[in-house]
Amino acid sequence: MRIRQWLTALALGLFLAGCAGLPFVPATSTPIPPTPSPTPEPVAARVNGTVIRLADLEEELARFEAAQRSLGTDLATLGDYRASVLNGLIDRRLLAEAARATGASVELAQVGTKIEALAAEMGGSDAMGAWLAANGYSLDSLKAALGEEILAAQTVGRIADTVPETAEQVHARHLLVGDASLAEDLRAQIVAGADFAKLAQAYSLDLSTRPAGGDLGWFAPGTLTTPEVEAAAFEQQPGDLSPVIHSALGYHLVLAVERGEHPLDPHTWRRLRQEAVDHWLVEERGRATIEIVNPP
């Protein structure tokens, strides 16, 4: 910036020196054309009045495409990935805005520290410069992206932390067969006192649970891949046996063993945290004013 000021001052001085020997000309004799307004930068989208530049979208698309090609992915198989990339930028903006609304901000020093750490991980400033060039970043655009990412991450963390580590869960067993009449017969045997686990070991077609007598373990809502079995398990009280349940896999019997508040397994907890963020974004998009100016 200082060099630019010096150059401007030097140019002005040379111009005034060149004019010193010229005769005076009234200002009205030759109208001076107005200074043209700077051409506004093309816009990809506006989010609550803030701009996502078309140049930023195009750079993000280029980075995404390069990453997919490096993985050997055929871009033609990804559907409308251009719209997905734009939606990702919109989501990031909404998350960052929410952080600002709580009073959060990002200091330049914080961004600078992050960039220094990245450079150290890459092996120094030269390696960092090569990475910037290869990924279509200038130092300024990287700083802007990192600043928004930091704010967005704060909102993601705040939303995700609302998900408790425990939930109402059911411990159940299930048995799968391919014939409705066989399922009814097995149910009658269990009602008459036969051991559910032994019948599951003898008859169940579910190879993953059959060795353990159909034991599904503890699970939270939205966990099982067969929703009919999950619904039946949550409808029963401990010790209850479901009626015969039909699904795309066949015919099931479900025995509720226990239910109550129980720690979530790490995979389910991560999934529920992601779902909470996704739900927030759906609601926030409904409240926000989003204008797609140049569809990708």
Meets criteria (modelled with pLDDT under 85 and either in the same structural domain as F64 (by TED's automatic domain parsing) or over 18 Å from R63 (Cβ atoms) (or both)) for Q110: yes
Counting only helices (runs of 4 or more DSSP H) wholly inside region 77-183, the ones holding at least 3 residues that are in contact with a helix residue (DSSP H, G or I) (Cβ under 7 Å, 6 or more places away or on another chain) and surrounded by 18 or more Cβ atoms within 10 Å (Cβ to Cβ) are 81-101, 139-160
Which residue pairs have Cβ atoms under 9 Å apart, sit 6 or more places apart or on different chains, and have a first residue in region 53-66 that is in contact (Cβ under 8 Å) with a residue 60 or more places away in the chain and a second that is of a type in the set (D, E)? L54/E41
Scan region 249-259 and tell me whether some residue there is out of contact with any strand residue (DSSP E or B) (no Cβ under 6 Å at 6 or more places or on another chain) and not aliphatic (A, V, I, L, M). no
Of the residues in region 135-155, how many are touching a Phe, Trp or Tyr at 6+ places or on another chain (Cβ under 9 Å) and at pLDDT 95 or above? 1
If a residue counts only when it is surrounded by fewer than 14 Cβ atoms within 10 Å (Cβ to Cβ) and over 23 Å from the mean Cα position of the chain (by Cα), which helices (runs of 4 or more DSSP H) contained entirely in region 194-296 have at least 1 such residues? 196-203, 227-235
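The values are calculated or read from the model by the stated rules, or taken from the named source; none is laboratory data. Keep in mind it's a predicted model, so treat the numbers as computed, not measured. No Cβ is skipped: glycine too gets one built from the backbone with ideal geometry, and neighbour counts run over all protein chains shown.
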